[in-house]
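Okay, so here's the structure we're looking at.
The values are calculated or read from the model by the stated rules, or taken from the named source; none is laboratory data. The model shown is predicted, which means the values in this text are computed figures rather than measured ones. Glycine gets a Cβ as well: all are built from the backbone with ideal geometry, and neighbour counts include every protein chain shown. Just so you know, the surface numbers come from the protein's heavy atoms only, side chains and all, with ligands and any DNA or RNA stripped out. Shrake-Rupley method; radii C 1.70, N 1.55, O 1.52, S 1.80 Å.
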Amino acid sequence: MSGRLLKGARVVTPDRVLDDGWVVVDGARITAVGDGRPPETADVDVVAGWLLPGFVDLHVHGGGGADVTASPDALRAAVAFHRRHGTTSTLVSLVTAPLAALEQQLGWVADSVAEDDGVFGAHLEGPFLSQVRCGAQNPAFLRTPDRDAFARLVDAARGTLRSVTIAPELPDALDVLKDVQQAGAIAAIGHTDATYVEAMAAIDAGATLATHLFNGMRPIHHREPGPATAALRANIACEIINDGVHLHPSITALVNERPDRLVLVTDAIDAAGMGDGEVELGGQRVSVRNGEARLVPAGSLAGSTLTMDAAVRRAVQQCGLTVVEASWAASGRPARLLGCAEQLGSIAPGLAADLVVLDDELELTRVMRHGRWLET
């Protein structure tokens, strides 16, 4: 058999672990997967620990000191930082900004997608969000949902817009939500003060994702359950920032109790990997202390300093998920949501040879993208 044989690891597939597993990679693709006696091939790579599919992060604002909205080079640097932590496919998330700035940034993302270096497309987190639940979004640039404005953003993205977060209670939000779907993007609800009924109306209209569930939305109350309850009852995909700051570990476990609901994301800003200090997000000051990012002086959480390898590790060690469940939430489920599960997100023949190796403590040791080991 031609190709490179990876053996010696516990191979994590969508439904089980192959304890004596092996994977054959030929070029940029996986060509065979199995356990027990591997096929004969001249090129053998012994891999110790766990072998998982590369992570797919739907929500990244920056990392390694680079903000994706600063410049095309900064965008590439942020993506490269997260790739070193196992994220082989990234949705670049753009915070609320003036329309012209968003158009420019969407163009950068489109250029990066064409370069085929790990950027899968753009996520618009704004500008059609609630003033009441804006969190770290700059309130000066929030807008009422506007179909003409959205059409401009779609044109600027040149076919690479993959996800849009909208507050569904705003005027004309459901019309724009339908336009999002028409553009081939995921319609997400978030940064919202919607009631349960308003959130369910958006889900009935086609919303399939809740942006960072529980954060940036009306909290659950027994007389007004709000959007988080709507998302959970409707069993749509729910982003979770599993950093131990945004949510208690039991919430991650709760969301995971129903199949295909949990999607691990980072919502990372440029401060990820940089230690304590001050940065800027969407024109606002952010203070980072002990890895926790908050607006100055308001104190609202302002994204995270999380990486996907840490999110997966916490999901297993702190939240009680199995490695299979954590891997699916970090790779297979987001790939399915994006409509690219036949291309990537799992260890299976025919899919992209995007892989991560974790040691016995679930610390990342190696990353492969398109069949090539990367420096980490």
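Averaging over every viewing direction, what projected area does the convex hull of the Cα atoms of the chain cover, in nm²?
Working: hull surface 67.7 nm².
Approximately 16.9 nm², given one-decimal rounding.
Let's see if you can work this out: charge +1 on each Lys and Arg Cβ, -1 on each Asp and Glu Cβ, no other charges. What is the dipole magnitude of the chain about its Cα centre, in debye to the nearest 20? Walk me through the numbers before you get to the answer.
Working: 31 positive and 47 negative charges, 79 e Å.
Result for the chain is approximately 380 debye, rounded to the nearest 20.
Determine the share of region 309-373's accessible area contributed by carbon and sulfur atoms, expressed in whole percent, with a 1.4 angstrom probe. Walk me through the numbers on the way to the answer.
Working: 1020 of 2390 Å².
The computed percentage sits at 42.
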Accessible surface of H221 - all protein chains present, 1.4 Å probe, nearest 10 Å²: 80
- line: Diffing region 10-23: the Karplus 3J(HN,Hα) column from phi (6.51, -1.76, 1.60, θ = phi - 60°), in whole Hz with x for Gly and Pro, holds 7, 8, 9, 9, x, 10, 6, 10, 8, 5, 10, x, 8, 9
- request: Give a residue-ordered list of calculated ³J(HN,Hα) values for region 350-367 (Karplus: 6.51 cos²θ - 1.76 cosθ + 1.60, θ = phi - 60°; whole Hz; x for Gly, Pro).
  value: x, 8, 4, 7, 10, 9, 10, 10, 10, 7, 5, 8, 6, 8, 5, 10, 8, 9
message: What whole-number distance in Å separates the alpha-carbon centres of region 311-376 and region 104-162?
response: 26
statement: Note to self: with every protein chain in place and a 1.4 Å probe, the chain gives an accessible area per residue in Å² of 38
- request: State the percentage of accessible surface on region 81-232 attributable to carbon and sulfur atoms; use a 1.4 Å probe and exclude ligands, DNA and RNA.
  value: 50
- request: Would you be so kind as to identify which of F81, W22, G54 lies farthest towards the positive end of the dipole of region 1-112, taking Lys and Arg as +1 and Asp and Glu as -1 on Cβ and the Cα centre as origin?
  value: W22
Positive-pole candidate from A302, I241, L153, dipole of the chain, charges at beta carbon: I241
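Summing Lys, Arg as +1 and Asp, Glu as -1, what charge do residues with Cβ under 11 Å from the Cβ of Q182 carry, Q182 excluded? Mind showing how you got there, number by number?
On the way: positive: R147, K178; negative: D175, D179.
Within the 11 Å Cβ shell, the charges total 0.
So which trypsin sites (Lys or Arg not before Pro) in region 72-150 end up in coil per DSSP with only 16 or fewer other C-beta atoms within 10 Å?
R143
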- prompt: So what is the 222 nm mean residue ellipticity for the chain from helices alone, if each DSSP H run of at least 4 adds -39500 (n - 2.57) and you divide by all residues, rounding to the nearest 500 deg cm²/dmol?
  reply: -7500 deg cm²/dmol
- line: Once Lys and Arg are counted +1 and Asp and Glu -1 for all other residues with Cβ under 13 Å from that of R16, the total becomes -4
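For region 220-305, which GluC sites (Glu not before Pro) are in a loop by DSSP, counting at most 16 other Cβ atoms within 10 Å?
Details: sites: E239, E257, E278, E280, E292; in loops: E257.
Answer by residue number: E257.
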- prompt: Which whole-Hz couplings ³J(HN,Hα) result when phi for each residue of region 220-229 is put into the Karplus expression 6.51 cos²θ - 1.76 cosθ + 1.60, θ = phi - 60°, listed in order with x for Gly and Pro?
  reply: 5, 9, 5, 9, 9, x, x, x, 5, 5
- prompt: With Cβ to Cβ distances under 15 Å as the rule, what net charge do the other residues near V357 carry (K, R +1; D, E -1)?
  reply: +1
